[in-house]
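The values are calculated or read from the model by the stated rules, or taken from the named source; none is laboratory data. Worth saying up front: this structure is predicted, and the values here are computed from it rather than measured. Here Cβ is always computed from backbone atoms with ideal geometry, including for glycine, and neighbour counts include all displayed protein chains. Remember, those area values only see protein heavy atoms, side chains included, never the ligands or the DNA or RNA. Shrake-Rupley method; radii C 1.70, N 1.55, O 1.52, S 1.80 Å.
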Amino acid sequence: MNQHNPIRTGYSACPHDCPSTCALEIDISGGRIGRVRGSKDNSYTAGVICAKVARYAERANHPDRLTQPLRRTGPKGSGAFEPIGWDEALDTIAARFRAAEATHGPEAVWPYYYAGTMGLVMRDGINRLTHAKGYSRFFSTICINPAWSGFLAGTGRLAGPDPREMAKSDLVVIWGTNPVSTQINVMAHATRARKERGARIAVVDVYRSPTMEQADIPVLIRPGTDGALACAVMHVLFRDGMADRDYLARYTDDPVGLEAHLADRTPEWAAAITGLPAEEIVAFAHAIGATPRTFIRAGYGFTRSRNGAVNMHAVTCIPAVSGAWRHEGGGVFHTNGAIFGWNKQLIEGTGGPAPSARMLDQSRIGAILCGEAEVLGGGPPVTAMLIQNTNPVSVAPEQDKVRAGVAREDLFVAVHEQFMTETALYADIVLPATMFTEHDDIYQGGGNQYVIAGPKLVEAPGECRSNHEVICALAERLGAEHEGFTLSAREIADRTLQASKRGSFAELEEKRFIDVQPDFGTAHYGRGFNWSDGKFRFKPNWPKVPYAAPAKFGPVADMPEWPDHWGVIEEATAEYPFRLVTAPARSFLNSTFTETPGSLAREKRPELLIHPQDAAALGIASGDVVRVESARGGVELHARLFDGLRRGVVVAESIWPNRTHRGGRGINTLTGADPVAPVGGAAFHDNRVRIVREAAAASG
Ligand SMILES: Nc1nc2c(c(=O)[nH]1)N[C@H]1C(S)=C(S)[C@@H](COP(=O)(O)OP(=O)(O)OC[C@H]3O[C@@H](n4cnc5c(=O)[nH]c(N)nc54)[C@H](O)[C@@H]3O)O[C@H]1N2
Ligand SMILES: Nc1nc2c(c(=O)[nH]1)N[C@H]1C(S)=C(S)[C@@H](COP(=O)(O)OP(=O)(O)OC[C@H]3O[C@@H](n4cnc5c(=O)[nH]c(N)nc54)[C@H](O)[C@@H]3O)O[C@H]1N2
Ligand code: SF4
Ligand SMILES: [Mo]
C-alpha cells in the first residue's frame, strides 16, 4: 500500500433514486473515492450493491464532470459555453429571477427538481426558496403518484411488512418490478428464501426481464392488464375455497360485495385481456392460495399505465382475500414511506401560513413551457427556472414539447448539475454540483426501513458547490428570508433528525444507520387498516384517496368502483398496432450513468425488443434500424428479436441520451404526459405505437 495515500473507509448511503437505498462502505485514498461496497452490517443491504455503484469512482472522478460555472455563448442547445465566476453566475440568476417577477409576478419563476440525490437536505431544500419567494410550486408526479395512490386506496397507509420478511416467505411474488436491474437487494432476500426454505419466486411482468429469467413461476402478461390478472386470482381464491373468510369478515369493508363483483372475472375473462392462458392464471392463484406466507413485492413498473393506480389497488386486495397479512413473510409491500415520520419544516420552509402560489405539474413541463393555458392554471407564463437534480429534456414525457419549451428565447434557465446533461445544454447558466460524498446529508430507505447518514467524505473537485449552498446564495441575493438559509447542511440535517425524534446527526454518523421498522402488528395491520373503521377498502373512495395533491388529475369520476380491468390504457389500433413499454436498463439509472464507460459498454446501444414473429411480419431483421412512432412523435432504434414477449408488445430498455438515437430524438418523444388518475403521473409504459422499417438505415 502506498504510504502517502493509505486507504481509509468512509460510510455513506447510495444517494440515487432507487428503492434499495444501500448502506455503503467507500474506499478513500488521496482525497478521492475508490471501490464502493455494500455494508454487511446493514441487514437490508447485507453486503450487496449493484455493479454501477460498485464502480462509482468512474463517475465521481470522471474527466467530464462539471467543475466551473458556465455561461452560454451560442444558441440554446448548441453546447457553446464559457467559464465564469460564481458571483457572476449567481448575480445573473438573481437578476433574471427578479426581472421575471417584476414583469409577471413571482409565479413566473418555477424552481424544478427531482431525485438525482435522495438526500433530504439537498433534494428538498429548493422548496424553501420557492416558498419564501412565492414562486410557482412544484407538484412532483413523474414517478410515484399512481403507485402510492393505488396502495393508499386500500390500506390507507404507505407501509407494509418488514421487507426483510421476504427471506421468511414461501412464495415471493415480484409484481411489476425488475429488481435484478432496479433494486438488486430484493433479489438477495428472495433468493435467500429460496435457498433456506425452498421458497418459490413468481414474477409478473410484460417481458422476460432479467428478473423473470430467475423465476420459478413466470407470469407474462400484456401491459396494463394487472387489474384483470389480480381479479381472476381473487375469483379463483373465492371459487376454490382459498379465501380466508374469517380475515375478510374482520378486516375488510365488503367481502360479500367483492365476491359478487368477481363472479364473472373468471380466468378465461382475464386470459383474453392479459394474454396469459387461463390454466396459468389458475396455477398462479393456487400457488398464492396454498401458501400462507406469500409476500407480494409490488413495484412501480406496472403502475406506469393510465390505469396504474387501479391496478396497484387490485394487487393489494389479494392478501386481504387470502389472509396472508396474518403471517410473517406474508402480505404486500410496496414502500415504507409512512414509517419515517419526518418533520421537514426546516428543510422545506413550511410550517408558516399555507402557501398560495399555483402548483405546476412536473410531468407536464413540456406543455407548461409551451404556454398551454390549461396547465398554467390561469397564471402567468414561466419565464425563469432553476433546475436541480433532474434531466427533464431526457426523462420527461412529450419530449418534443419539452425541447420546444426549453428552447424558448424568452425563457431563462439555470441548471445545477454534475454533468453536461441534455437539459444543461439548453441552460443560460450551468452550475457545477457536488456528489454525495462531497456534502453532508441524511437518507431514508424507500424499499427498506433504515435512516442512513451520508456525511461529507472528500473535497469536491474544482469549484463544485452543493445544492444547499446554491439555494442559500440565491436566497441572499433575492432577499428570501428563512432560518434554513443561515444554517449549514449538517446543521439542517441535525435539527431535522432531532425534530423527527431520531437523535442527532453526530449520533447517526456514529451508528451509520438506524432501523425504524415498526412492530409486526403495526406492519401487518393486525390492529386494523388505516381508516376509522380499520377495514381494508375493496371499494376505494378514489376522489378522496389520502394523497396530498393540488387537485384531482385524469378521469377520476370514471374510476371503477371495485378492483377491475380499467380500459383507459392506450389499446393498440389499426394505425398503431403495438404496445410499447419503456422499462429501465440495468446499467443506467434513469439518465444517470449514461456518461460512465462501464455502463455504456454493457448497454451498447438503444434497442427495441420485438417478437420474432412480429418482426418477420414487418420484414424486420435483428439489427435493423426501425422508426417507432406514436401520436406524439417518432424515434429510431435498432431492432433486437426477442421471444420473451406477448405478440404485439415491444420494449425499449432505458433512457438513452437523445443524441444516441439517430435523428436525435429520445425515447420520451413517444410517451404521453396526460395525467394518470387520481393524482397525476406519467404513463411511461403505456404507449400505442407503429413500427416502420427504415430502408436506408438497414443497408447502412
Ligand atoms: N438500473 C436501474 N435501476 C433503477 C432505475 C433505472 O432506470 N435503472 N430507476 C430507478 C427509479 S427512478 C425507480 S422509480 C425504480 C423503478 O423500478 P421498478 O419498480 O422496477 O419499475 P420499472 O423499472 O419502471 O418497471 C419494472 C418492470 O415493470 C414492467 N412493466 C411495465 N409495464 C408493466 C405492466 O403493465 N404490468 C407488469 N406486470 N409489469 C410491467 C417492466 O417491463 C419492468 O420490467 O427503479 C430505480 N432503479
Ligand atoms: N421513458 C421513460 N422515462 C422515464 C422513466 C421510464 O421508466 N421510462 N422513469 C421515470 C422515473 S421513475 C423517474 S424517477 C424520472 C427520473 O428522472 P431524473 O430525476 O431526471 O433522473 P436522472 O435522469 O437520473 O437525473 C438526475 C440528475 O441529477 C443529477 N444530480 C445527482 N445528484 C445531484 C446533486 O446532488 N445536485 C445536483 N444539482 N444534481 C444532481 C445527476 O447528474 C442527473 O443528471 O425519469 C422518468 N422517466
Ligand atoms: S442497488 Fe440502488 S441503492 Fe443500491 S447501490 Fe445500486 S443504485 Fe444504489
Ligand atoms: Mo422513479
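Kindly indicate the residue of region 293-318 that is in a loop (DSSP other than H, G, I, E, B) and within 16 Å of residue 161 (Cβ to Cβ) and also most open to solvent (accessible area, probe 1.4 Å) among those meeting that condition. Here the residue is 293.
Only one of the listed residues (312, 359) is of a type outside the set (Phe, Trp, Tyr) and within 16 Å of ligand 2 (Cβ to nearest atom). That residue is 312.
When residues of region 592-612 are filtered for being closer than 30 Å to residue 63 by Cβ, touching a strand residue (DSSP E or B) at 6+ places or on another chain (Cβ under 7 Å) and crowded, with 17+ Cβ neighbours inside 10 Å, how many remain? Number satisfying all stated conditions: 2.
Within region 549-562, take every residue that is of a type outside the set (Gly, Ala, Ser) and under 24 Å from the mean Cα position of the chain (by Cα) and give me the one that is nearest to residue 226 (Cα to Cα). Can you show your working first?
At the first step, the residues of region 549-562 found to be of a type outside the set (Gly, Ala, Ser) are 550, 552-553, 555-556, 558-562.
Narrowing further to those that are under 24 Å from the mean Cα position of the chain (by Cα): 550, 552-553, 555-556, 559.
Working: 550: 28, 552: 23, 553: 21, 555: 19, 556: 19, 559: 15 Å.
Among them, the one singled out is 559.
Those residues that are touching an Asp or Glu at 6+ places or on another chain (Cβ under 9 Å), in a helix (DSSP H, G or I) and closer than 22 Å to residue 539 by Cα, I need them from region 258-288; list them, please. 261, 267, 285 - these are the residues of region 258-288 that are touching an Asp or Glu at 6+ places or on another chain (Cβ under 9 Å), in a helix (DSSP H, G or I) and closer than 22 Å to residue 539 by Cα. Is it the case that region 69-89 has a residue that's among the hydrophobic types (A, V, I, L, M, F, W, C), within 16 Å of ligand 2 (Cβ to nearest atom) and closer than 30 Å to residue 449 by Cα? Scanning region 69-89, I find no residue that is among the hydrophobic types (A, V, I, L, M, F, W, C), within 16 Å of ligand 2 (Cβ to nearest atom) and closer than 30 Å to residue 449 by Cα, so the answer is no. In the set (1) within 16 Å of ligand 1 (Cβ to nearest atom); (2) within 23 Å of residue 353 (Cβ to Cβ); (3) among the β-branched types (Val, Ile, Thr), residue 142 fails one condition alone, (2).
If only residues of region 118-139 that are within 14 Å of ligand 2 (Cβ to nearest atom) and open to solvent by 30 Å² or more (accessible area, probe 1.4 Å) are counted, the one that is nearest to residue 310 (Cα to Cα) is 118. Looking only at residues that are more than 8 Å from ligand 2 (Cβ to nearest atom) and at pLDDT 95 or above in region 575-585, which one is surrounded by the fewest Cβ atoms within 10 Å (Cβ to Cβ)? The selected residue is 575. Do the conditions hold for residue 164, that is, is it surrounded by fewer than 23 Cβ atoms within 10 Å (Cβ to Cβ) and in contact with a Phe, Trp or Tyr (Cβ under 7 Å, 6 or more places away or on another chain)? Judged against the criteria, residue 164 is a match.
To keep it simple, each residue is scored yes or no on (1) more than 16 Å from ligand 2 (Cβ to nearest atom); (2) in the same structural domain as residue 598 (by TED's automatic domain parsing); (3) in a strand (DSSP E or B).
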| site | (1), (2), (3) |
| --- | --- |
| 15 | no, no, no |
| 18 | no, no, no |
| 24 | no, no, yes |
| 34 | yes, no, yes |
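When each of 380, 432, 461 is tested for being open to solvent by less than 20 Å² (accessible area, probe 1.4 Å) and either outside any loop (DSSP other than H, G, I, E, B) or at pLDDT 95 or above (or both), the lone residue that passes is 432.
Scanning region 477-494 for residues that are closer than 22 Å to residue 455 by Cβ and crowded, with 17+ Cβ neighbours inside 10 Å gives 484, 485, 487, 489, 490, 492, 493, 494.
Here 198, 224 are screened, and the one residue that is at positive phi and open to solvent by less than 10 Å² (accessible area, probe 1.4 Å) is 224.
The single residue among 272, 263, 290 that is of a type in the set (A, V, I, L, M), under 27 Å from residue 676 (Cβ atoms) and open to solvent by 30 Å² or more (accessible area, probe 1.4 Å) turns out to be 272. Residue 109 meets all of the listed conditions (1) open to solvent by 10 Å² or more (accessible area, probe 1.4 Å); (2) away from ligand 1 (no atom under 16 Å from the Cβ); (3) β-branched (Val, Ile, Thr) but one, namely (1). Remark: pairs (first residue in region 285-305, among the charged types (D, E, K, R); second residue within 16 Å of ligand 2 (Cβ to nearest atom); Cβ separation under 6 Å; 6+ apart in sequence or on different chains) = 304/683; 304/684; 304/685.
If we scan region 32-51, do we find a residue that is buried (at least 21 other Cβ atoms within 10 Å of the Cβ), in contact (Cβ under 8 Å) with a residue 24 or more places away in the chain and farther than 21 Å from residue 441 by Cα? Yes - at least one qualifying residue is present in region 32-51. The criterion of being modelled with pLDDT of 95 or more, within 16 Å of ligand 4 (Cβ to nearest atom) and either open to solvent by less than 40 Å² (accessible area, probe 1.4 Å) or in the same structural domain as residue 318 (by TED's automatic domain parsing) (or both) holds for residue 589. Is it the case that region 396-404 has a residue that's modelled with pLDDT of 95 or more, of a type in the set (Gly, Ala, Ser) and open to solvent by 10 Å² or more (accessible area, probe 1.4 Å)? Taking every residue of region 396-404 in turn, at least one turns out to be modelled with pLDDT of 95 or more, of a type in the set (Gly, Ala, Ser) and open to solvent by 10 Å² or more (accessible area, probe 1.4 Å). From the list 652, 615, 639, 621, which residue is more than 16 Å from ligand 4 (Cβ to nearest atom), among the aliphatic types (A, V, I, L, M) and open to solvent by 20 Å² or more (accessible area, probe 1.4 Å)? After applying the criteria, what remains is 621.
For every residue, the table says whether it meets (1) out of contact with any Asp or Glu (no Cβ under 6 Å at 6 or more places or on another chain); (2) in the same structural domain as residue 385 (by TED's automatic domain parsing); (3) assigned to a loop (DSSP other than H, G, I, E, B); (4) within 15 Å of ligand 1 (Cβ to nearest atom).
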site: 123; (1), (2), (3), (4): yes, yes, no, yes
site: 150; (1), (2), (3), (4): yes, no, no, yes
site: 154; (1), (2), (3), (4): yes, no, no, no
site: 160; (1), (2), (3), (4): yes, no, yes, yes
site: 192; (1), (2), (3), (4): yes, no, no, no
site: 203; (1), (2), (3), (4): yes, no, no, yes
